[in-house]
Amino acid sequence: MPLINTLVCLEPKKLVWEKRTITPPKPNEAKIKIKTVGICGTDIHAWAGNQPFFSYPRVLGHEICGEIIEMGHGNTDFKIGQQVSVIPYIACNTCPSCLSGHTNCCENISVIGVHQDGGFAEYLNVPTVNLLSSEGIAADAAALIEPFAISAHAVRRAAIQPKDAVLVVGAGPIGLGVAAIAHADGAHVIVADTSAARREHVSLHLSLPTINPAADNFDSQLRQYFSGALPLKVIDATGNPHAMNNAINLIRHSGTIVFVGLFKGNLQFPDPDFHKKETTMMGSRNATLEDFAKVGRLMSESKLNAQMMLTHHYPFFTLAEHYETEVINNRELIKGVIYF
């Protein structure tokens with residue numbers, strides 16, 4: 001069997017190259033030649049040893065675009081040479097969550113690049129049920145379908161309607177996707193981030209208003225944007241405990257909070273504040289096929305594009321040598337895509 005170049009996170013803060021064999025695809029699998037892989041916060045936190053639900057060694061990478069080069073028996077939906085994006089969530093389809101349609105939070109979920117080896121490799125075998133055609137979409141944008149789908153799921157969880165007043169906290173990749181999709185759905189959106197560079201990115205690439213949550217007049221600015229009221233919906237994509245604990249103070253009475261970012265720790269907020277507002281509070285995890293389909297539609301309508309979050313490109317074959325300096329410690333990075 002041929003050997004392929006693979007980048008392995010052996011342990012926190014240690015990436016090494018390994019030559020590994022790759023088997024032919026099993027029935028209902030396809031072998032894809034990787035074209036691009038997005039670098040997610042998960043990959044950054046895994047390198048640092050701060051990622052929940054993670055074990056080592058692991059081949060990172062779950063935001064994957066590739067070309068099918070071989071197919072196992074039983075495949076009727078795809079063809080050799082077709083460009084595909086990967087839906088990285090492998091569900092058991094037998095637990096109560098799966099049977100109720102919530103495959104995104106399957107009790108036995110295995111996420112490619114998190115619970116099993118992922119796309120920091122030249123080739124990967126993937127179940128065909130986890131493939132999505134991305135023909136006609138640029139490879140760097142096709143690698144971003146998955147993070148956009150995460151954002152789309154959070155927007156769906158928030159049940160955002162046209163003209164809803166929406167505050168997105170955090171202008172990282174997922175927050176940017178949330179803001180873009182909520183705006184495409186007709187909501188009135190403002191984005192909060194402490195970084196001036198990220199606020200500028202929102203202005204340039206999403207054409208949305210921004211606000212600095214650290215400013216002394218943050219509350220008055222926020223209310224001014226929403227005609228004197230607080231937002232009805234707050235989607236927090238920071239994964240920052242201070243921001244998440246403060247979300248209860250940012251919504252109006254009867255408002256909704258969705259946490260799409262997460263951290264290792266406990267949320268703490270005053271119960272009277274939670275109750276008096278009759279707050280709806282929920283988490284958002286992963287995405288479903290419905291969310292991926294929505295992202296594909298919005299991309300085809302030019303309402304989503306790679307430039308909304310993409311800031312850096314990295315060549316795969318020098319990534320190990322530069323990962324810490326150019327990815328981990330790069331303050332200008334919002335979203336990077338690896339190309340092969």
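Note on Arg20 and Asn249: the extension gain reaches 77.3 nm, defined as 0.36 nm multiplied by sequence separation minus the Cα-Cα distance. Counting only DSSP beta bridges whose two residues both lie in the chain, roughly 60 percent are antiparallel. Classify the range 47-196 as rounded, prolate or oblate, taking a ≥ b ≥ c as the square roots of the eigenvalues of its Cα gyration tensor: rounded when a/c is under 1.5, otherwise prolate if a/b is larger than b/c and oblate if not. In terms of gyration-tensor shape, prolate. In percent, rounded to a whole number, the relative contact order of the range 216-259 is 41, using alpha-carbon pairs under 8 Å and six or more apart. Residues in the chain average 45 Å² of solvent-accessible surface per residue, probe 1.4 Å, ligands and nucleic acids excluded. Between Asn217 and Thr76, what length comes free when the chain is fully extended (0.36 nm per residue of separation minus the Cα-Cα distance, one decimal in nm)? Contour length minus the Cα-Cα distance gives 44.9 nm.
Computed from label points 7 Å out along Cα-Cβ, the spacing between His102 and Thr194 is 3.2 nm. By accessible area, using a 1.4 Å probe on protein heavy atoms only, the chain has 51% of its surface on carbon and sulfur.
Sorted on the mean count of surrounding Cβ atoms within 10 Å across their residues, most packed first, peptides 182-189, 276-283 read 182-189, 276-283. Counting lysine pairs in the range 204-340 that sit 8 or more residues apart in sequence, or on different chains, and whose Cα atoms lie under 26 Å apart gives 10. Taking Gln83, Gln221, Gln51 as the candidate residues, the one with maximal mean-square fluctuation in a Gaussian network model of the chain, Cα springs under 10 Å, is Gln221. In terms of its C-alpha gyration tensor, the range 246-340 comes out oblate, because a/c is 1.5 or above while a/b does not outweigh b/c. Kindly state, to the nearest 0.05, the FRET efficiency for Glu135 paired with Ala48, given R0 = 25 Å and r defined as their beta-carbon distance. The calculated FRET efficiency here is 0.10.
Peptides 96-108, 232-244, 261-273 ordered by packing proxy, namely the average of other Cβ atoms within 10 Å per residue, highest first: 232-244, 96-108, 261-273. Considering only alpha-carbon pairs that sit under 8 angstrom and 6 or more positions apart, the relative contact order computed for the chain is 17 percent. If R0 is 41 Å, the Cβ-Cβ spacing of Lys264 and Glu321 corresponds to a FRET efficiency of close to 0.90. The slack between Phe226 and Asn125, meaning 0.36 nm per residue of separation minus the straight C-alpha distance, is 31.5 nm. Annotation: lysines with alpha-carbon distance below 24 angstrom to Lys26 (same-chain offsets under eight excluded): Lys35, Lys79.
Taking packing as the residue-averaged number of other Cβ atoms within 10 angstrom, the listed peptides 132-142, 32-42 run from highest to lowest as 32-42, 132-142.
Anisotropy class assigned to the chain is prolate, per the alpha carbon gyration tensor with a/c at or over the 1.5 cut-off and a/b larger than b/c. Does anything in the range 66-98 have its amide N under 16 Å from the 7 Å Cα→Cβ label point of Gln116, and if so which residues? Backbone N within reach: 72-73, 86-95. Please compute the modelled spin-label separation between His313 and Glu11, points set 7 Å along Cα→Cβ, answer in nm with one decimal. So the two model labels end up 3.7 nm from each other. In this label model, Tyr56 and Ala159 are separated by 4.4 nm, measuring between points 7 Å along each Cα→Cβ vector.
Computed over the range 150-300, relative contact order equals 25 percent, with contacts defined as Cα pairs under 8 Å that lie 6+ residues apart.
The values are calculated or read from the model by the stated rules, or taken from the named source; none is laboratory data. Being a predicted model, the structure only gives us computed values, none of them experimental. Positions of Cβ are backbone-derived with ideal geometry, glycine not excepted, and every protein chain shown enters the neighbour counts. Surface areas here come from the heavy atoms of the whole protein model, side chains and all, with no ligands, DNA or RNA. Shrake-Rupley method; radii C 1.70, N 1.55, O 1.52, S 1.80 Å.
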